[in-house]
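Novice: The structure follows.
The values are calculated or read from the model by the stated rules, or taken from the named source; none is laboratory data. Everything numeric here is computed off the predicted structure, so don't read it as measured data. Cβ: placed from backbone, ideal geometry, glycine included. Neighbour counts: every protein chain shown. Keep in mind that these areas ignore ligands, DNA and RNA; they rest on the heavy atoms of the full protein, side chains included. Shrake-Rupley method; radii C 1.70, N 1.55, O 1.52, S 1.80 Å.
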Amino acid sequence: MEGTGIARIVAEKIAEVWDELLNTEIVGIPHLVGSISSDGEVEMFLVFFDEYTFERTIEDGSVSFTFPIEATDPKELFMSLLKFIREGTTPSILEPGEKIKEPLKENLTKRGFEVLWIAGNDYVDAWVSKSGVKYHLSFERTGKDEYTLVRKEKVQ
């Protein structure tokens with residue numbers, strides 16, 4: 001995965017998948033599923049899952065992966081995928097139990113969510129969208145300037 005030629009091919013494949021994503025009805029959480037062989041062959045597909053799935057397997061110089069599409073543009077997706085393939089680090093996916101600082105709306109936006117509606121003080125409900133998927137989020141105030149996500153539901 002070190003060569004610039006392979007990176008260029010990965011970028012081209014991401015552009016193809018991105019176009020497919022824009023022209024496909026979202027029926028779950030979109031993921032990239034693919035592999036990069038040791039000889040530079042790249043395969044990549046758009047697949048939908050009900051849950052976020054991160055998988056990275058390296059064997060004999062080849063990498064296989066499953067990676068959720070959380071990015072707002074293909075360049076961001078390319079950079080996140082490369083980091084995941086090289087380092088195995090996953091982007092921050094908002095899951096129950098995670099703490100978020102105030103201002104809540106601004107910090108959700110920084111994480112790539114479009115805030116459609118938000119209301120409350122000690123208990124906050126928010127309707128958000130990310131990568132074409134809508135969510136109902138419930139937060140509880142757990143500190144002076146901190147909220148904890150207590151529930152995350154995908155909205156159909």
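Novice: Give me the pairs, please: first residue somewhere in the range 9-22 and assigned to a helix (DSSP H, G or I), second residue anywhere and hydroxyl-bearing (Ser, Thr, Tyr), beta-carbon distance under 9 Å, and either six or more positions apart or on two chains.
Specialist: Partner pairs satisfying both residue conditions: LEU21/SER131.
Novice: Hey, can you tell me all the residues within the range 103-124 that are at negative phi and of a type in the set (Gly, Ala, Ser)?
Specialist: Listed by number, the list holds a single entry, ALA119.
Novice: Taking MET79 as the residue in question, decide whether it is at pLDDT 85 or above and out of contact with any strand residue (DSSP E or B) (no Cβ under 8 Å at 6 or more places or on another chain).
Specialist: When the stated conditions are applied, MET79 passes them.
Novice: Looking only at the range 120-132, count how many residues are in contact with a strand residue (DSSP E or B) (Cβ under 6 Å, 6 or more places away or on another chain) and either closer than 24 Å to VAL27 by Cα or not hydroxyl-bearing (Ser, Thr, Tyr) (or both).
Specialist: Residues in the range 120-132 being in contact with a strand residue (DSSP E or B) (Cβ under 6 Å, 6 or more places away or on another chain) and either closer than 24 Å to VAL27 by Cα or not hydroxyl-bearing (Ser, Thr, Tyr) (or both): 7 in total.
Novice: Going by the structure shown, is TYR135 part of a loop (DSSP other than H, G, I, E, B) and either of a type in the set (Lys, Arg) or within 14 Å of the chain's Cα centre (by Cα) (or both)?
Specialist: Values: part of a loop (DSSP other than H, G, I, E, B): no; either of a type in the set (Lys, Arg) or within 14 Å of the chain's Cα centre (by Cα) (or both): yes.
No: the conditions fail for TYR135.
Novice: Same structure, new question: It is to be established whether one or more residues within the range 79-102 are among the polar types (S, T, N, Q) and in contact with a Pro (Cβ under 6 Å, 6 or more places away or on another chain).
Specialist: yes
Novice: Next question. Of everything in the range 82-94 that's open to solvent by 40 Å² or more (accessible area, probe 1.4 Å) and either in contact with a strand residue (DSSP E or B) (Cβ under 6 Å, 6 or more places away or on another chain) or of a type in the set (S, T, N, Q) (or both), which residue is farthest from LYS154 (Cα to Cα)?
Specialist: THR89
Novice: For the range 106-137, which positions are within 16 Å of PRO96 (Cα to Cα) and touching a Gly at 6+ places or on another chain (Cβ under 9 Å)?
Specialist: Scanning the range 106-137 gives a single hit, ALA126.
So that you can scan it fast, the table gives a plain yes or no per residue for (1) open to solvent by 60 Å² or more (accessible area, probe 1.4 Å); (2) touching a helix residue (DSSP H, G or I) at 6+ places or on another chain (Cβ under 7 Å); (3) of a type outside the set (D, E, K, R):
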position	(1), (2), (3)
THR53	no, no, yes
ILE58	yes, no, yes
THR66	no, no, yes
GLU70	no, no, no
PRO74	no, yes, yes
PRO96	yes, no, yes
GLU102	yes, no, no
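Novice: Taking the range 112-134 on its own, how many of its residues are surrounded by 15 or more Cβ atoms within 10 Å (Cβ to Cβ) and at pLDDT below 90?
Specialist: 6
Novice: Which members of the range 69-121 meet the condition of being assigned to a strand (DSSP E or B) and without any contact (Cβ under 8 Å) to a residue 24 or more places away in the chain?
Specialist: Residues satisfying the conditions are GLU114, VAL115, LEU116, TRP117, ILE118, ALA119, GLY120.
Novice: Within the range 27-36, does at least one residue satisfy the condition of being open to solvent by less than 90 Å² (accessible area, probe 1.4 Å), part of a loop (DSSP other than H, G, I, E, B), hydroxyl-bearing (Ser, Thr, Tyr) and under 17 Å from ILE85 (Cβ atoms)?
Specialist: Looking through the range 27-36, none of the residues is open to solvent by less than 90 Å² (accessible area, probe 1.4 Å), part of a loop (DSSP other than H, G, I, E, B), hydroxyl-bearing (Ser, Thr, Tyr) and under 17 Å from ILE85 (Cβ atoms).
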